[in-house]
Structures are given as C-alpha cells and as structure tokens.
Amino acid sequence: MLLEFEKVDYTYPSSPQPALQSLTLRIPKGKRCALLGHNGCGKTTLFLLANGLYKPQNGAIHWQGSPMRYDRKSLMDLRQKVGLVFQDPEQQLVASTVEEDISYGLCNLGLPDPEVNQRVGQAITAFNLSELATRPVHHLSLGQKKRVSLADVMVLQPELLLLDEPTAYLDQRQTRDLMAKLRQIQATGTTIVMATHDLDLAYCWADWIFVLNQGQLILEGTPQDVFAQREILEQLHLGVPLVFDVLDKVAEALSNQSEQADYQVMNKIPEPLRNRILDVFRYS
Amino acid sequence: MSSLQIDTLAYSSRLRQLPPEHKLLFAIVLLIITYVAQIPVQLAIAGWISVWTVIYAGIPTLVYLRLLSITIAFWLTSLPALVMSGIDLPHLQTIQTDAWAGFRWGDYYLYLSHQGVQQAAELGARAIASTACIYFVILTIPFTEILSVLRRIGCPTLLTELMMMMYRFIFVLLKTARELWTAQQSRSGYRTRTLWMKSLGLLIGQLLRRTLENYRQVSLTLNSRGFTGDFRVCHSRQYKLSKRYGFEALFGCTLLVMLTGWHYVTGI
C-alpha cells in the first residue's frame, strides 16, 4: 500500500457538515485509480490531505507504511513524492513563463541550476511544450495551461500522482491526449489517482475504483465489480457507465420480446458475450 | 491598447534575441542624453529610437503612433497655458520684447509669449523623446526579462517577487473583471445610470471576494509545490549579440553626446 487513510475526519471551519467522516481508504501501488463521487463528496479534501496541505482532525494517514509527519523537512519530501495537479490550472501556474513555471518546483528542492535546466528541458520535450517554453503563461489556452500544470508536477518525478478533475477544461481530443500521457506516466511506475465524475472515462481508463459519498468510502474494487453494484450506484444518483446501461437495456428489450413471441429466444445476453463487450470498451 | 497586447508585442518583437541588459542600457543612456540636450538633439533621439522600435523591432506603426499620441495629447492640452500670457494694461511696457502678438481684453492684454513658445517647444521635444525611449523598453523587452535583469543587478528579492506575482495575477484579475462585466452586460446590468452604479459596485465587491478566494488557493498551490519562502525560478534563454545593432547604438550615442557637448561649448 502506498498511501493509507485510517478513519480520517476533516471538517472545514466554515462548514456545518464534515468533508470527510471516518474515511478509511488505501491506495494500492502501481495502479490507475479513479475516485468517483458527486461535487462536494470530499475528493478535493482527500487530495489536500494526501499532499500534507491539511492535517486530519482525527485518524491517521500513512505514507508507505509510516505515519505522515508534518515538520518542514518531511513535508518537502512528501510533496516531492506526492504530486498534486489542481483542477484549475490558473491557480497552479505561478511563474510568468512556461519554462520558469516548470523550473519552480525543482528550484524549491534546491537543485543546482544546470540540473534544473536539464530536467526542465526533458519535461518540455516530454510534454510537447517546446513551442510554448518561453511564452508567458497568460498567453496560453486552458488546454495548454493544463498540460503545463501536469509537466510542473511530473518534472519532480513523484511516486504518486493525484489529479483533481483533470478533464474538466479539456475537449475530446485533449482528453484523449491526456489519457495517452497518463498511460505513459503509469508505465514508468507512477501510481495515479484521478478524481472525476465522468463514469465512462473512469471505466475505460482505471483499473481500481473508489466511490465516495458524503465523505465516506462506499465502494471500491475493479471497474467490473464496482459497476455491477448498480443498485447502490443508482441510490447515490451516480449511475453506471453508458456501456452497462446499453447492455441492460438490450437485455430488457430481449426479454420483453420473448413475452410477446411464442418461440423461445434468448432473453438474456450470454455472459461471455457480455464480458467481451465490456472488455472491448475498457481497453479502447 | 490593453496591457496584454503590449505584452504580446514585446514577446514577438524582432529585437527579442538581443540581451535585455543591452537594450535597457541603450534606452537609459538615450534618456539621460534627452535630459541634458537641446531641442534638435532631442528630436533626433525621438526619431532615431522610433526607427529602432518600428523598423528594427517591427512594432506596427499604427500601434506605436497611437501610444505616442497619448503623450502628444497631454502636451497639446497644456500648450495654451504655456504659450499664452496676460498682463494688465499699465504694465504693458515691461513685456514689449517678449510679446509676439496680442490683443486687448478689457483691462488686460493677452499675448503670445516668446518665452512661452520656447518653453513649450522644449517641453514637447523632451516629453516625446523620453516617452519614445520608454516605449522602446516596454515594446521590445518582455516584462519577465526586465525582472530577471533587476534580479541580476541586485534589486531586493522581495520587490522582484512582488512584481513577478503581480505580473502573473494582474491578467487573471483583468480576465475575471472582464468576465463579470460581460455577464452583467448580458443581463442589461448597465442600462441606466443608477443600474450602472449598482452593477459596478457589485463587480468591485465580487472582484474583492474572488481575489481573496484566489489568494487562498494560490497559497495552497505554492505550498503543494514546495514553496520555501523564497521564490526562485530558472530559464534557459540564450541571447545573441548583434554587431550591427551594437555598432549603430554606440555610434549614434557617441554622435549625440558630441552634438550635445558642442551645443554647450559654443553656447547655441
């Protein structure tokens, strides 16, 4: 286990309801995890706690088996290993040009300038930012800013990458590019946790799913297992990915038809076929 | 002319690859000469630096003239006060030599003063020459590079950091203000005078609220990115020296200094 939350409580000072209530959640190493839930279910709070920006009011957080410490040095260390990409790139980019912004985290680690420049150069090539490198941040489009904010975090080579609604500002193509990038990042051994409410995206990308509601973990497991719990998900008004919906509708249509017609038809989609269709959608 | 446009121009100017220190030094030297020189030299400086800005750096002439017209407009509005003088009739003798032309107006005599015209011309030449120098700086050196020069010559860190953050977030603020303004416009928020005042009040209040929110978010981000209390960044920009521009700048400045010196010596 990479990061463990044990019965963590967190309530914002201005809010009557707790953001997280006795939340227990374990992030397995090397997986692509999706964190599903409505707005305000505690996804962002969870990330801020994981990054050591907030301290749990009750309970404990363990990073690689040892409890999180909140002194300056441990926090610096933790924040290099746990990279957090905020939802709004506008607030994440602080320096004035792309290149300077990417160098910011490395300079904070106190690395010598030649090494900083070399690593910034690598990140710029890896994230296709060469044309934008010397441009001021406010000249970029939102999609480009998002790419820069991911490069900002990845340049530190974190072991755990937290993404808060990464597709919120992206169009279809940018989303696809981002997913491809994330696959590459995961291939190098980085664990990724993505908060989203796009169920289809979560289904086709993730291999482990957490469902959060009102600050508590409701379900976790592989996408097939989690989305098979249709009733629970419907109760939470989350629903299921489109492909599950389509398959269920087809099955329903088939069984209706069988009542009308006299002859025997399959009133169910055979299990192997169903699984094959689900698999096709998963790896597309 | 928004600040964003000026910023974009500076980033795409053709003199971008010259070291910012050199451009800054060039403008400062010209500015100093402007302060000590006479009208012909000042006009020469204004013309010469405009050639640098418009032809060498490739800033669109129209944009440049529009910027320059601001200064000229200020100068023109103060012109009447500078060139016109008035005196009551009994003292008319004392200004005989100074008056160019004039007329009586009641008990007063209003006239065009030689000295005033001279003063206005000096003021105009100096104002236009010095703003042309400043425009050369802001139109050919991006603000971030001015900042890094300031950092290198030992400007206090607190000051450069503040300027850097202001530069980054002024655009966020402007964008927020523009979005709010558009949203209010689309719901006819500025239809009448009273509504106008009310909507503007709302806009300012909202801006303040969002600024505070933004501040909270940014401090979270800075922490998350390992802020250590000292804002440091690196860049890999490579500047190229240009012999051609260097020669022209040196030659021109020497000539201007000699001309100014000659003016002082011969007393013209």
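For the reader, a short list of remarks on this structure follows.
- Number of positions in the range B:191-241 that are closer than 30 Å to B:Arg14 by Cα, more than 7 Å from chain A (Cβ to nearest Cβ) and not hydrophobic (A, V, I, L, M, F, W, C): 3
- Number of positions in the range A:84-107 that are more than 15 Å from A:Phe127 (Cβ to Cβ) and more than 7 Å from chain B (Cβ to nearest Cβ): 2
- Taking helices (runs of 4 or more DSSP H) as the structural unit, those lying wholly within the range B:1-64 and holding at least 1 residues that are of a type in the set (Gly, Ala, Ser), under 16 Å from the mean Cα position of the chain (by Cα) and within 14 Å of chain A (Cβ to nearest Cβ) correspond to B:3-12.
- Summed over the range A:1-44, the residues that are surrounded by 15 or more Cβ atoms within 10 Å (Cβ to Cβ) and of a type in the set (S, T, N, Q) give a count of 4.
- Residue within the range B:151-172 that is under 18 Å from the mean Cα position of the chain (by Cα), within 12 Å of chain A (Cβ to nearest Cβ) and among the charged types (D, E, K, R) present: no
- The set of residues in the range A:123-157 that are more than 13 Å from every other protein chain (Cβ to nearest Cβ), in a helix (DSSP H, G or I) and not hydrophobic (A, V, I, L, M, F, W, C) comprises A:Gly143, A:Gln144, A:Lys146, A:Arg147.
- Of all residues assigned to the range B:96-105, none qualifies as being exposed (fewer than 14 other Cβ atoms within 10 Å of the Cβ), without any contact (Cβ under 8 Å) to a residue 40 or more places away in the chain and within 27 Å of B:Cys253 (Cβ to Cβ).
Where a number appears in this text, it was derived from the coordinates with a stated rule and is not lab data. Only a predicted model underlies this, so the values are computations on that prediction, with no experimental measurement involved. No Cβ is skipped: glycine too gets one built from the backbone with ideal geometry, and neighbour counts run over all protein chains shown.
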